[in-house]
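Undergrad: Right, I'll just put the structure down here and ask away after.
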């Protein structure tokens, strides 16, 4: 049984020489929901970009057994869907429907199926009926949801989200959480929002200076105050994760 | 919040359609006759077709998002009115800016699209005049500006100031080239005789050109200081970021040789304005234009040059000299300003974007030319001046 | 909504028969008008009256507020004024012409002024009608339907999409600048504008890069498929054919 994501000994340096990733090892099982947390500059976003080949470093990166290399990019990018932090970067077409259809269109699917996927994806994020609208007219929360839909329409096996809850107001945050919890797909979330991570994920990985410094059940990780502090993190005021006891997952 | 309301008020006061009055380059319908429209249209189409091929080759699949966003930038920047000199206000054309940052052919496309949007959405520039407007602003603006920039760059000192001077001159020429072409187009169409369209357009645009030069120089200066990798084909000695940031105003060079570019430019300016009046050629040009235009009906030359009796319009004699003098003075002023500015802008800045704050400012696609970079994992690629297009071809990403 | 791009409305201004026409038809019709008009000799005054009637009919059909249309047409005034300024220099030896306060304006000169004025007006009105009854998105898809090379329509659509985004970003930068510049009202000093524009460009460029990353992540490989094709109906055909017929007739007889 293939791991959903397998990363072994991954190194990466920026064009100017700065080392961004240092011997990263990570294995994500199918269906798992994991959170990657760490201070700014730890290399989290850089790591994400290796998952679909936007960046390529030294080492092994495999998605469901397929190596992330040049001649597999097309397949990989259908299997790994990344929702980036700024929805405006991902909503570049003239209408919402066109944006959601962008992925499937590039996959070469027939028109009828594209329409179906667009419909399903928009429904999944609660934006059905907004297909004709221009991204510019949407609220930030709506844009985030549509951005998620643009990736969902490709029906990926691995869903990757970069700071999904940032800048969302409480209601939008809740709404997005409900959507993410309803999806049965391997999910990797990069976030600072520790409570959000705690609610969504079972496992957490701490990155610091391009390395993975901790990997374990999220309750345990977040309860380790010293571990968090050493890596530039801390729990929000008033938030106390319960070790060993977590809410029933739907 | 005070600042917010101030900003809102400012926005409301911001001139919205005012740019129409300063936008002498976007000729409306009716000012260009059918023949000229067809001719300029054909030339523009040809140049655009070539520009697309070239840009596609250079940028590959990054063409669309990059040019689109730059187009949006130029569009937004063109909205700004700025005071240039003594009550005149101008605005940025952006052709030179686009050419330096993206390369001349990409700039041709970007500026053309901006012009199309302005014509269609804002009625700024006529439909039949689109060929002429594109030729003037997008094609001549980008290409002549860039050509002059490269030329001057070769003879200028190999320093930051030299580079800035080249940009300044290129910017000025880019504006002037379009203006002069417009003057001729207007004359060929029989709308405004060359004797007036040329000095009028030339003198107005000398001032606008100065503004363009100043703004383009300072913008490039900023980009050079923080992200020299973004400038296409940046000369080697400026690529090293510390070099780009160092204020390198070479006083001694300017003391010895500075007079040369100044003299050259002044001569060029004078020649542009004075020559048409000194030579007999315009008479010939006018005759040709006349034959195309209305005088075909009248059967005789339409224009003669005698100022009429009781009204001394800035007649030819004085007008010419006054305009030439203004142009010369403007040129000198321009260079003084450029020199002063390149010193101020060249001040080294602290590292602007520490990686922690901007995780997204990594260069995922390496579409720029880097000098020294160690790139783990890409042993099969060479990094010397490969364009992004070539690189993606090598990656054969999309061959499945 | 920011004031800098209020004329790039992405929603249509009102609703009417004209609003509902196929964008391809509207583009062809409304852009043919200035082209035909410009090719018409200025002396055939009646032809321009006829063009004017066509425009009036379109205006009526579009139900656009006349004040709005008139305001937007003022764009051409400075240009026409420029031509008017040079009028005294159109001399001809023949009869005709006027004397205004000692300045002689020839018949040919009047003709030039008439020529530019009427054609510029026709051009501007045609475009205003087109732009006000068609959303920008429709214009883009109309152009695509007319086989304009995709690279242009794509750049056009991106430009349009990000013009708003960038404009807002710029407003934010400007606001920040204004808050810190010690009360200088006028932003537009060249040496302050430069760095501001420079950072603005860098931000825009970064945006372009991120958009490209997002596109590549969703499988983009440099070519994009066409958007859903339009289906023209009877109203479209009638409008187009009527317009074509009228323009042809007028032009031939002029």
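The values are calculated or read from the model by the stated rules, or taken from the named source; none is laboratory data. These numbers were taken from a predicted model, which means no experiment stands behind them. Cβ sites come from the backbone with ideal geometry, for glycine too, and all protein chains shown count toward neighbours.
Undergrad: Just to be sure I understand the filter: pairs with C-beta atoms under 9 Å, separated by 6 or more residues or on different chains, first member in the stretch B:90-107 and closer than 14 Å to residue C:201 by Cα and within 13 Å of chain C (Cβ to nearest Cβ), second member modelled with pLDDT of 90 or more and part of a loop (DSSP other than H, G, I, E, B). Which pairs pass?
TA: Partner pairs satisfying both residue conditions: none exist.
Undergrad: Taking the criterion of being buried (at least 17 other Cβ atoms within 10 Å of the Cβ), within 16 Å of the chain's Cα centre (by Cα) and either more than 10 Å from every other protein chain (Cβ to nearest Cβ) or modelled with pLDDT of 90 or more (or both), would at least one residue in the stretch C:4-12 satisfy it?
TA: Within the stretch C:4-12, one or more residues are buried (at least 17 other Cβ atoms within 10 Å of the Cβ), within 16 Å of the chain's Cα centre (by Cα) and either more than 10 Å from every other protein chain (Cβ to nearest Cβ) or modelled with pLDDT of 90 or more (or both).
Undergrad: Another question about this same structure. What tally of residues in the stretch C:41-54 results from selecting those that are under 16 Å from residue C:123 (Cβ atoms) and facing another protein chain (nearest Cβ under 9 Å)?
TA: Result for the stretch C:41-54: 1.
Undergrad: Can you spot a residue in the stretch A:18-39 that is over 18 Å from the mean Cα position of the chain (by Cα), over 25 Å from residue A:201 (Cα atoms) and surrounded by fewer than 18 Cβ atoms within 10 Å (Cβ to Cβ)?
TA: So far as the stretch A:18-39 goes, yes, one or more of its residues are over 18 Å from the mean Cα position of the chain (by Cα), over 25 Å from residue A:201 (Cα atoms) and surrounded by fewer than 18 Cβ atoms within 10 Å (Cβ to Cβ).
Undergrad: Taking the conditions exactly as written (modelled with pLDDT under 85, assigned to a helix (DSSP H, G or I), surrounded by 24 or more Cβ atoms within 10 Å (Cβ to Cβ) and more than 7 Å from chain C (Cβ to nearest Cβ)), does residue B:59 satisfy them or not?
TA: For residue B:59, the condition - modelled with pLDDT under 85, assigned to a helix (DSSP H, G or I), surrounded by 24 or more Cβ atoms within 10 Å (Cβ to Cβ) and more than 7 Å from chain C (Cβ to nearest Cβ) - is met.
Undergrad: Another question, if that's okay. Pairs needed: first member in the stretch C:155-175, outside the structural domain of residue C:136 (by TED's automatic domain parsing); second member anywhere, at pLDDT below 85 and not in a helix (DSSP H, G or I); C-beta distance under 7 Å; at least 6 residues apart or different chains.
TA: C:157/A:94; C:161/A:94; C:163/C:8; C:167/C:2; C:168/C:2; C:171/C:2; C:174/C:187
Undergrad: A further question on this structure: Can you give me the number of residues within the stretch B:1-52 that are within 9 Å of chain C (Cβ to nearest Cβ), within 23 Å of residue C:122 (Cβ to Cβ), at pLDDT 50 or above and in a helix (DSSP H, G or I)?
TA: 2
Yes or no, residue by residue, for (1) buried (at least 19 other Cβ atoms within 10 Å of the Cβ); (2) in contact with a helix residue (DSSP H, G or I) (Cβ under 6 Å, 6 or more places away or on another chain); (3) at pLDDT below 80:
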residue: C:61; (1), (2), (3): no, yes, no
residue: C:75; (1), (2), (3): yes, yes, yes
residue: C:119; (1), (2), (3): yes, yes, no
residue: C:125; (1), (2), (3): yes, yes, no
residue: C:131; (1), (2), (3): yes, yes, no
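Undergrad: If you don't mind, another one. Report whether or not residue B:66 is surrounded by 24 or more Cβ atoms within 10 Å (Cβ to Cβ), part of a helix (DSSP H, G or I), modelled with pLDDT under 95 and under 12 Å from the mean Cα position of the chain (by Cα).
TA: Judged against the criteria, residue B:66 is not a match.
Undergrad: Any idea which of A:194, A:183 is surrounded by fewer than 23 Cβ atoms within 10 Å (Cβ to Cβ), modelled with pLDDT under 95 and farther than 27 Å from residue A:64 by Cβ?
TA: A:194 is the lone residue from the list that is surrounded by fewer than 23 Cβ atoms within 10 Å (Cβ to Cβ), modelled with pLDDT under 95 and farther than 27 Å from residue A:64 by Cβ.
Undergrad: Same structure, new question: Assuming residue C:71 fulfils every condition listed in (1) under 18 Å from the mean Cα position of the chain (by Cα); (2) surrounded by fewer than 21 Cβ atoms within 10 Å (Cβ to Cβ); (3) in contact (Cβ under 8 Å) with a residue 24 or more places away in the chain apart from one, which condition is it?
TA: (3)
Undergrad: Something else now. Out of the stretch C:134-154, which residues are in contact (Cβ under 8 Å) with a residue 60 or more places away in the chain and either crowded, with 21+ Cβ neighbours inside 10 Å or part of a helix (DSSP H, G or I) (or both)?
TA: C:134, C:136, C:137, C:138, C:139, C:141, C:142, C:143, C:144, C:145, C:150, C:154, listed by residue number.
Residues are listed down the side, and each one gets a yes or a no for (1) free of Cβ contacts under 8 Å to residues at least 60 places away in the same chain; (2) within 14 Å of chain C (Cβ to nearest Cβ); (3) more than 18 Å from residue C:217 (Cα to Cα); (4) buried (at least 22 other Cβ atoms within 10 Å of the Cβ):
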residue	(1), (2), (3), (4)
A:148	no, yes, no, yes
A:151	no, yes, no, yes
A:158	no, yes, no, yes
A:163	no, yes, no, no
A:171	yes, no, yes, no
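A quick yes/no check of all residues on (1) at pLDDT 95 or above; (2) closer than 24 Å to residue C:165 by Cβ; (3) in a helix (DSSP H, G or I):
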| residue | (1), (2), (3) |
| --- | --- |
| A:141 | no, yes, yes |
| A:151 | yes, yes, yes |
| A:179 | no, no, yes |
| A:188 | yes, no, no |
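Undergrad: Any residue at all in the stretch C:225-232 that is modelled with pLDDT of 75 or more and part of a helix (DSSP H, G or I)?
TA: Checked the stretch C:225-232: no residue is modelled with pLDDT of 75 or more and part of a helix (DSSP H, G or I).
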